[in-house]
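Read-outs: derived from the displayed coordinates by stated rules, not from any lab. Computed from a predicted model, the values in this text were never measured in an experiment. Every residue, glycine as well, gets a Cβ built from its backbone with ideal geometry; the counts of neighbours run over all protein chains shown.
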Amino acid sequence: MSQQRLPVAKTYKLFVGGAFPRSESGRTYPVRGPGGEFLANVARASRKDARDAVVAARKAFRGWAGTTAYNRGQVVYRIAEMLEGRRAQFVDLLVTGDGADPAAAGAAVDAAVDRIVHFAGWTDKLAAVWGSANPVAGPYFSFSVPEPTGVVAALAPPDDALLGLVSVVAPIIASGNTVVVLAAPDHPLPAIALAEVLATSDLPGGVVNILTGDPAEIAPHLAAHGDVDALDLTGAGAELRADLERAAAGTVKRVHVPTGSDWTAPPGTARLRAFLEVKTVWHPTGAVSLTGGGGY
Amino acid sequence: MTAIAPHPTPGSALEWDYAPAPESAAIGRIRDRYRMYLDGDFVDGQGDDLTSVNPATEEPLATVSTASAADVDRAVTAARRAYEGPWSAMPAAERGKYLFRIARGIAERARELAVVETLDNGKPIKESRDVDVPTASAHFFYHAGWADKLAHAGLGPAPRPLGVVGQVIPWNFPLLMAAWKIAPALAAGNTVVLKPAETTPLTALVLAEILADAGLPDGVVNILPGAGDVGQALVRHPGIDKVAFTGSTEVGRQIQSALAGTGRALTLELGGKAANIVFDDAPLDQAVEGIVNGIFFNQGHVCCAGSRLLVQESVADEVLDKLRLRISTLRLGDPMDKNTDVGAVNSAEQLQRITELSATGDLEGAQRWTSPCPLPDRGYFFPPTVFSGVTQSMRIARDEIFGPVLSVLTFRTPDEAVAKANNTPYGLSAGVWTEKGSRILGMASALRAGVVWANTFNRFDPTAAFGGYRESGFGREGGRAGLAAYLRSDEGAQA
């Protein structure tokens, strides 16, 4: 066959509630490669899309937070399995979209897979590491357990389309939160490809919702949204950050503003702890000493 | 079925006949002969072959090659080489990824493993299928996540592995005990030589296949079947840095004594004689289920079995009546039948021990009640048995029977319950049944036991530490405490 086959191009859409809708606004924007060549038209999410995504995230929260930590770990690990299986696709996207060299792109995909595995391993250790049995000075059993904050709105870093995105999303969902994440506006294709990975893993719909578009347009609505519990401002530029933090104050959202963005470095625990509440429970014991002494 | 049975007239006896629901033995893919796993290869050991018997039929299941002392030496050398070579050089996250693979491998071969376990051990298929195998997989999954998070284990910023670990496990949960031992050891960065029990070596050798398929570097785990002499050679080997043993208190004592002065680390998970305490305000039907589960789960071959029922005097008759009624419905027989509640005792030797110890109950004046369930005409079976009128001095209240035999004592006050519960050299587990939260917590702090179950019994999870007080051993398995058993914290000159 001498005639070259024409590849079938993909329509890149949003990822909301486990489905792939176009923007309700009907808007798109073109994404171009490093040489300025056209790659795809990508959905430009609207305020209404953002609100739909928050509704989906809230709907998924109760179920996701209520799964056992073991089950959540297995589901997150499954995402890593599915991403590993599509390694070539992501390498290709990073090479054509970002102009990365193939070796660097491969290393980025490998690191993204390993990062998901790392956070899969955290789900059933959070309570042991950040919870406690409290030796209160009285006849009470008191314990404190970490719990997920709720719905997190996140801005993915603009400069690292896959590893950066994964490094933001994985710790948020590992602890049982759900997320609405705004993809890197200039490199959104790996984000939507990741949505395909999520959709074919065992992750319940709505746990991760991915929007493409202009963060400057959408983020202020999320920051002010009454049903968003926390903000991850990783991808927010200096010009946006203060306004978003101010808007977050309206409903006292937890705000995570990272201090570093070396995505190849070990991930640490700040992102895990940023979206955890701590709940302390008290109950009378009926006996104060180990030797008993009545009053059970 | 052509007709729908009419509703029974009120008061008439219901006939609930079970159709046999046997699991297929072919799924176990049992081979004629199994070989030991040494330095990444399946090889013949220099010990005499042993024959593993299906305790439900008394028929030979497979022959298994066993290790000699020289094989133990080769395995320890291989484990040392792996420890000093690839295993220590590997980034912790990569080590964890091997464990994730193993967890998945066990889950993928779960049905096969359950069948092999039930054929080799005699436990009901529903238990191997729903408890042993999934929990084994979960242990690897949980510990996989720890491999690159050891700095958060509470043992200082950079805890280090101990080195080569020798592990000896019992026959009551063959695969699960292998998982409890191997998973934390590997997560912490150690390498392993493990000896499965003489009567139940098969699932450990199927696990070896899973380890090999996972690509685990040669020598990181070595599995050497054999009898007590192989275990002795292993735990006394000078090339071992740590010994982990699960089994009888008697053998535990011998190992602790043998290791004295060597500086080698040791953890022991030994026998028990758990009190299961039922207060008069407990939900009695739920408590009866818990009592049954506590003593008849796995034919009572459970170190943490609730073998002493302490029931408050005011409800003792009611509880005993309900208990006998409930036990009468337990189905004893073919372990491969999915309806079977009580399977076969693991060996003729254990059956004899149970028989002899229960005979002392009759001699010492306790009242024996035996479930009316029919016994199969072959295989090692012992019917569910309840002794009432038991006093604390009787052997059936003091000695671990490790079988489906429950000793019932009574108490009047919580203090009396605590005194009786703690009146044992053991201290592995205890149960408390009451609707009152403060009583649960008060009892939990007063009981000298490593695990206290409240309004439940026999719960196991890789995140929750398990292990005993006093002569039930020391060291924990599961949770951060379990990880600590395989790590050296860097605490300076005084540690």
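If you take the Cα centroid of the range B:19-52 and the Cα centroid of the range A:181-201, the two points sit 47 Å apart.
Most simply put, the range B:275-461 has about 15% antiparallel DSSP beta bridges, counting only bridges with both residues inside it.
Taking the convex hull of the alpha carbon positions in the range B:310-369 and averaging its projected area over all directions gives 5.5 nm². In this structure, the amide hydrogen of B:LEU406, modeled 1.01 Å from its nitrogen in the peptide plane, lies closer than 5 angstrom to those of B:THR385, B:VAL386, B:PHE387, counting only residues at least 5 positions away or on a different chain.
Mind running the shape call on the range B:1-153? Use the C-alpha gyration tensor, a ≥ b ≥ c as the square roots of the eigenvalues: rounded below 1.5 for a/c, prolate if a/b tops b/c, oblate otherwise. Don't jump to the answer; show the numbers that get you there.
Values: a/c = 3.71, a/b = 1.70, b/c = 2.18.
The shape class here is oblate.
Counting every alpha-carbon pair across the range B:225-369, the share separated by more than 23 Å comes to 52%. For the options A:PRO266, A:PRO139, A:PRO190, a Gaussian network treatment of chain A with springs between C-alpha atoms closer than 10 Å singles out A:PRO139 as fluctuating the most.
Helical content of the protein assembly as shown, expressed as a calculated mean residue ellipticity at 222 nm, amounts to -11500 deg cm²/dmol (DSSP H runs of 4 or more residues, -39,500 (n - 2.57) each, divided by residue number, nearest 500).
Here the alpha carbons of the protein assembly as shown define both size measures, Rg and Dmax, at 29.4, 96 Å.
Can you give the convex hull volume per residue for the Cα atoms of chain A, as a whole number of Å³? Could the numbers behind the result be given before it?
Values: hull volume 45.2 nm³, N = 296.
Given the Cα convex hull of chain A, per-residue volume reads 153 Å³.
For chain A, the longest piece that avoids every one of the trypsin sites (Lys or Arg not before Pro) found in DSSP loops with at most 11 other C-beta atoms within 10 Å covers A:11-296.
Between the range B:205-273 and the range B:64-125, what's the alpha-carbon centroid distance in Å? Comparing the Cα centres of the range B:205-273 and the range B:64-125, I get a distance of 13 Å.
Averaging Cα coordinates gives a centre for the range B:322-352 and one for the range A:1-31; these two points are 61 Å apart.
Note on B:LYS126: aspartates and glutamates with a C-alpha under 14 Å away, same-chain residues under 8 apart excluded, are B:GLU23, B:GLU112, B:GLU117, B:ASP334, B:ASP337, B:ASP341. Per-residue 3J(HN,Hα) values for the range A:129-140, derived from phi via the Karplus relation 6.51 cos²θ - 1.76 cosθ + 1.60 with θ = phi - 60°, read 8, 10, x, 7, 9, 9, x, 5, 8, x, x, 9 Hz in sequence order (x marks Gly and Pro).
Relative to the dominant Cα principal axis of chain A, helix A:189-199 is inclined by about 50°. Per-residue 3J(HN,Hα) values for the range B:317-331, derived from phi via the Karplus relation 6.51 cos²θ - 1.76 cosθ + 1.60 with θ = phi - 60°, read 5, 5, 5, 5, 4, 4, 5, 5, 4, 5, 5, 4, 8, 5, 9 Hz in sequence order (x marks Gly and Pro). Peptide A:117-128 is shielded by partner chain Cβ atoms: per residue, an average of 6 of them sit within 10 Å of its Cβ. From most to least packed by mean Cβ count within 10 Å, the peptides B:51-60, B:236-245 give B:236-245, B:51-60.
Across the range A:25-144, Cα-Cα pairs more than 19 Å apart make up 70 percent of the total. With the dipole of the protein assembly as shown worked out from charges on the C-beta (+1 for Lys and Arg, -1 for Asp and Glu) around the Cα centre, which of A:ALA50, A:PRO21, B:ALA188 lies farthest toward the positive end? About the Cα centre, the residue reaching furthest to the positive side is A:ALA50. Look at the Cα gyration tensor of the range A:113-236: its axes a ≥ b ≥ c give a/c of at least 1.5 with a/b over b/c, and that counts as prolate.
Short-range pairs are left out: with C-alpha atoms under 8 Å and at least six residues apart, the relative contact order of chain B is 18 percent.
The tail of the calculated P(r) for the range B:275-461 beyond 19 Å holds 55 percent of all Cα-Cα pairs. Placing +1 on each Lys and Arg Cβ and -1 on each Asp and Glu Cβ, with no other charges, gives chain B a dipole about its Cα centre of roughly 1240 debye. Name the lysines eligible as straight-distance cross-link partners of A:LYS253: C-alpha to C-alpha under 23 Å, and not fewer than 8 places from it in the same chain. The qualifying lysines are A:LYS48, A:LYS59, A:LYS279. Ignoring lysines fewer than eight residues from B:LYS242 along the same chain, the ones with Cα atoms less than 25 angstrom from its Cα are B:LYS97, B:LYS149, B:LYS181, B:LYS195. Restricting the range B:111-147 to chymotrypsin sites (Phe, Trp or Tyr not before Pro) that sit in a DSSP loop and have at most 13 other Cβ atoms within 10 Å of their own Cβ leaves nothing.
With respect to chain B, whose longest principal axis is taken over its alpha-carbon atoms, helix B:348-363 is tilted by about 40°. The long axis of helix B:110-121 is offset from the longest Cα principal axis of chain B by roughly 70 degrees. Computed over the alpha carbons of chain B, Rg followed by Dmax gives 22.9, 81 Å. A cut-off of 5 Å between modelled amide H atoms, ignoring neighbours fewer than 5 places along the same chain, links B:LEU194 with B:GLN167, B:ASN222, B:ILE223, B:LEU224. Ordering A:SER144, A:ASN71, A:LEU155 by the projection of their Cα atoms onto the charge dipole of the range A:68-161, which places +1 on the Cβ of Lys and Arg and -1 on the Cβ of Asp and Glu, puts A:SER144 at the extreme positive end.
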